[in-house]
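**Student:** Have a look at the structure that comes next, please.
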Amino acid sequence: MIWFESWQEIGRVALSAVVLYIFLVAAVRVVGKRATSKMNNFDWIVTVAVGSILASGILLVDVTIAEAMLATGALFGAQYLVTMAATRWRVVSDAVRASPRLLLRHGTCLEDALEEERVAQTEIEAAAREAGFRDLSEVAWVVLETDASLSVIGWREGPKGLLEDVDGWSADEST
């Protein structure tokens, strides 16, 4: 029974996979780009949970297609409501979204921030190279964004107020 149980079971899995795939494509289309964007922690949790639910609906006999669709829809609905609330109320935003974090200032890595965020200096160097810099001394700031990407800001670019919400940055260092 390891390799094959029955043609009926194979058919059930194939049908479940196709129906749930079509449902997922439609649900992502309705929910919007947020469901497939670069993810912050909250989005990642929803994505992992949806994957688990859909896998259960495809492979487990005791989870029906309707149940998997309902659970997926409920998670996408909850994500929509929470993200909508996060755009309106700062307390919700603070609860579900991480803050961006300054990791490098004036070409020098901030060791405490790197350690707390579990980012290696080699990752900072790689991001700087990818942004076209040859040396960290050419970099004014590196920010770990809420989606775990690294923003590299050179001296000429200047902060222009975009760093005001970044943990570890203050307006007096904009020069």
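The values are calculated or read from the model by the stated rules, or taken from the named source; none is laboratory data. Values in this document were obtained by computation on a predicted structure and should not be read as measured data. In this analysis, Cβ positions are derived from the backbone assuming ideal geometry, glycine residues included, and neighbour counts consider all displayed protein chains. Each accessible area value is taken on the protein alone, full model and side chains, heavy atoms only, with ligands, DNA and RNA left out. Shrake-Rupley method; radii C 1.70, N 1.55, O 1.52, S 1.80 Å.
**Student:** Over the stretch 1-154, what percent of the accessible surface lies on carbon and sulfur atoms, probe 1.4 Å? Write down the numbers at each step before the final one.
**Tutor:** Working: 6080 of 9800 Å².
Carbon and sulfur atoms account for 62 percent of the accessible area of the stretch 1-154.
**Student:** Measuring from label point to label point, each 7 Å out along Cα→Cβ, what is the Asp147 to Ser52 span in nm?
**Tutor:** 2.4
**Student:** How much length would be gained if the chain were fully extended between Val30 and Ser137, taking 0.36 nm per residue of separation minus their Cα-Cα distance, in nm to one decimal?
**Tutor:** Numbers: separation 107, 0.36 × 107 = 38.52 nm, distance 4.55 nm.
Contour length minus Cα-Cα distance gives 34.0 nm.
**Student:** Per residue, how large is the accessible surface of the chain? Use a 1.4 angstrom probe and give square angstrom.
**Tutor:** I get 66 Å² per residue for the chain.
**Student:** Could you give log10 I(q)/I(0) at q = 0.09 Å⁻¹ for the chain, computed by the Debye formula over C-alpha point scatterers of equal weight, without solvent?
**Tutor:** Result of the Debye calculation: -0.49.
**Student:** Then there is this: Please determine, in degrees from 0 to 90 and to the nearest 10, the orientation of helix 41-59 with respect to the longest principal axis defined by the Cα atoms of the chain, where the helix direction is its Cα long axis.
**Tutor:** 20
**Student:** Counting helices only, and only those DSSP H runs with n ≥ 4, report the 222 nm mean residue ellipticity of the chain as the sum of -39,500 (n - 2.57) divided by its residues, in deg cm²/dmol to the nearest 500.
**Tutor:** -17500 deg cm²/dmol
**Student:** Tilt of helix 7-31 relative to the longest C-alpha principal axis of the chain, in degrees (0 to 90, nearest 10)?
**Tutor:** 40
**Student:** Taking the simple approach of a point 7 Å from Cα along Cα-to-Cβ for both Val61 and Ser170, what is their distance in nm?
**Tutor:** 6.7
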